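Beneath this line is the structure, given in structure tokens, with notes to follow.
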Amino acid sequence: MTYSGRILIVDDNPKNIQVAASILKQAGYEVEFALDGASGLSWLESNSFDIVLLDIMMPGEDGFEICKLIKSNPKLNKIPVIFLTAKTDRESVVEGFESGGEDYITKPFDSQELLVRVKNQIELKTNRELLEKMNKNLEKLVAEKTEKLTAANQDMENTNRQLSKRNEELKHLEESKQHFLNILGNEVSGSLNEITGMLQVIKYKVDSKKVAQLVDRIDHSLSKIETFVNSALRITELQSKGSLLKPERLDINKLIGFAMFQLDEKIRRKQIVINNKSNKDSVNITGESQLIMAALIITLDFFLERNLPDSAIQLELRQDKQGLEIIFQDNGPNVSEEEISSYFDLFYTGSQSLNFPRMIAEAHLGEMSIKNRNNITGITLKLGFYTK
């Protein structure tokens, strides 16, 4: 096996140097030598070596002192030192390690032992240097990443400050919007009440059945508008402020009856029959009456709009411990998935939007869904109010 590396032998005995150098050169090492410690230090300071083979017993400063000088020099202390010694007593071995030596070989030394120990120390030195280089590269990489992270954190802090500022602005805008909507709602409600009052005056002052019927129709429409306005304001309040519902005990059959009363003119005009299949006089749930009423009116109106005259709409109530499902069914045309999706679109501009009743159902922890009926024309709509 061929080895590589540069070795310095420091020994005052030329014969020992000759024997060791011969073995090492044959193995492929480059070898230099010095006959005393001072010369050895001079060689080390002016040349590059991978390892030092150092005799202990030399004139002047012995091997222990030379080793201490090597290890105290920052430029030389990474070079491994192997002692060549005839001393095998425990004290000498310990002193050699305490002075900084990495290993020792006793004289007369075995050639294989010499090669193995030299090879091991050079490999350890090479691995240490490689590890130090990797550590430096890693430290550099960490420093670069840290700098980038610091810059990113600074950017994030700036972004967070900007977002916080924008959130405050949005909060202010939301409060302003809510304030405006409240004012608008109050103004609309006040105006509607005034109109209703004037209509009642006309109804009782003018002795005409047709006028009375017209006033009733207008009054129903105004009542419907007021319900929608108040419900829209309430939903906006729930969504923007995270407010809680104001639940009360409700009879859903009475609410359905009131919704049908609000739509009575259209029901009679189209001669559509609405069958409530509930076999109970009263079905109670807990919810906010104004909102549920608005959801029922819009949903019933949806079915009235999509059905031809002389049609029928079926209502079925299914109740369990969690809440109530109101199931609407008709025999009208089937609808596509795209149409179903459009009904629930927030920005749907058609007359049959179901986005508002869906929001009301969700405010009551419920849901709203539509699907075509099996094997026959028509759709099934489920409006759920799950109020635990």
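The values are calculated or read from the model by the stated rules, or taken from the named source; none is laboratory data. Just so it is clear, the structure is predicted and the values come from calculations on it, not from any experiment. Cβ: placed from backbone, ideal geometry, glycine included. Neighbour counts: every protein chain shown.
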Please specify each residue of the stretch 327-348 satisfying the condition of being touching a residue at least 24 places away in the same chain (Cβ under 8 Å) and in a loop (DSSP other than H, G, I, E, B). Asn331, Gly332, Pro333, Asn334, Val335, Phe344
Exactly one of these conditions fails for Glu305: (1) more than 18 Å from Pro357 (Cα to Cα); (2) of a type outside the set (Gly, Ala, Ser); (3) touching a Ser or Thr at 6+ places or on another chain (Cβ under 7 Å). Give me its number. (1)
Taking the residues in the stretch 260-283 that are polar (S, T, N, Q) and modelled with pLDDT of 85 or more as candidates, determine which candidate is farthest from Gly384 (Cα to Cα). Gln271
With the first residue restricted to the stretch 365-376 and required to be farther than 30 Å from Pro247 by Cα, and the second required to be not in a strand (DSSP E or B), Cβ contacts under 6 Å at 6 or more apart or on different chains are Asn372/Asn334
For the stretch 82-101, check the following and say yes or no: at least one residue is surrounded by fewer than 12 Cβ atoms within 10 Å (Cβ to Cβ), touching a strand residue (DSSP E or B) at 6+ places or on another chain (Cβ under 6 Å) and not hydrophobic (A, V, I, L, M, F, W, C). yes
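Which of the residues belonging to the stretch 107-160 are outside any helix (DSSP H, G or I) and either touching a strand residue (DSSP E or B) at 6+ places or on another chain (Cβ under 9 Å) or of a type in the set (Gly, Ala, Ser) (or both)?
Going through the stretch 107-160, the residues outside any helix (DSSP H, G or I) turn out to be 107-110.
Within the stretch 107-160, Lys107, Phe109 meet the criteria.
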I'm trying to understand the selection: among the residues of the stretch 80-125, which are touching a residue at least 60 places away in the same chain (Cβ under 8 Å) and of a type in the set (Val, Ile, Thr)? Val118, Ile122
Cβ contacts < 7 Å: first residue in the same structural domain as Pro14 (by TED's automatic domain parsing), restricted to the stretch 59-76; second residue of a type in the set (Val, Ile, Thr) and assigned to a loop (DSSP other than H, G, I, E, B), any location; separation 6+ or different chain. Result? Asp62/Ile56; Gly63/Ile56; Phe64/Ile56; Ile70/Ile79
What number goes with the only condition from (1) touching a helix residue (DSSP H, G or I) at 6+ places or on another chain (Cβ under 8 Å); (2) crowded, with 16+ Cβ neighbours inside 10 Å; (3) farther than 14 Å from Leu114 by Cβ that Ala20 does not pass? (3)
Can you pull out the residues in the stretch 239-259 that are of a type outside the set (S, T, N, Q) and modelled with pLDDT under 65? Lys241, Gly242
Considering only the stretch 11-70, state which residues are of a type in the set (Asp, Glu), within 22 Å of Thr88 (Cα to Cα) and outside any helix (DSSP H, G or I). Asp11, Asp12, Asp36, Asp55, Glu61, Asp62
Examine the stretch 87-104 for a residue that is of a type in the set (Val, Ile, Thr), under 26 Å from Ser42 (Cβ atoms) and either assigned by TED's automatic domain parsing to the domain that holds Lys15 or touching a Lys or Arg at 6+ places or on another chain (Cβ under 7 Å) (or both), and state whether such a residue exists. no
